[in-house]
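Below: one structure, written as structure tokens.
The values are calculated or read from the model by the stated rules, or taken from the named source; none is laboratory data. Predicted model, so just to flag it, every value in this text is computed and none were measured. Please note: Cβ atoms are built from the backbone with ideal geometry, for glycine as well, and neighbour counts cover all protein chains shown. All accessible areas refer to the heavy atoms of the entire protein, side chains included, with ligands and DNA or RNA removed. Shrake-Rupley method; radii C 1.70, N 1.55, O 1.52, S 1.80 Å.
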Amino acid sequence: KAGPRKTIFFDPRQTTAAVVTCGGLSPGLNNGIRSIFLELTENYGVPRVLGIRNGYLGLNPESGLERL
């Protein structure tokens, strides 16, 4: 079943989530990202959701990529 869980092992109000995608264009990717964001913020109450640019490279602070 999709949706929020009855038992979770962290406090969502003190959590920061990040969404990273890797690879080329994918049909429905925007809808998937939107659904993840809405589930985290509306149903779990996560106050901060980040989007990571440039795939896995965006996770590396030594990559030299500009942070926004």
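Order these peptides, 8-16, 35-43, 22-30, by their mean beta-carbon neighbour count within 10 angstrom, highest first. Display every interim value, and only then the final one.
Numbers: 8-16: 10.0, 35-43: 13.7, 22-30: 8.2.
Descending packing order for the listed peptides: 35-43, 8-16, 22-30.
Using helices alone, I'd like the mean residue ellipticity at 222 nm for the chain: each DSSP H run of four-plus residues gives -39500 (n - 2.57), total over residue count, nearest 500.
Numbers: 1 runs with 10 residues, N = 68.
Rounded to the nearest 500, it is -4500 deg cm²/dmol.
In degrees between 0 and 90, to the nearest 10, how far off the longest principal axis of the chain does helix 29-38 point, with axes built from Cα atoms?
Tilt relative to the chain: about 40 degrees.
Using the heavy atoms of the protein chains alone and a 1.4 angstrom probe, what is the accessible area of the chain per residue in square angstrom? Don't skip to the end; give the middle numbers.
Values: 5950 Å² over 68 residues.
Ligands and nucleic acids excluded, the result is 88 Å² per residue.
State the extension gain, in nm to one decimal, for the chain segment bounded by Thr15 and Arg67, taking 0.36 nm per residue of separation less the distance between their alpha-carbons.
Details: separation 52, 0.36 × 52 = 18.72 nm, distance 2.07 nm.
Extra length available between Thr15 and Arg67 comes to 16.6 nm.
In nm, give the distance between the simple-model label positions of Ile52 and Cys22, each being 7 Å from the Cα along the Cα-to-Cβ direction.
Placing both labels 7 Å along Cα→Cβ, they lie 0.8 nm apart.
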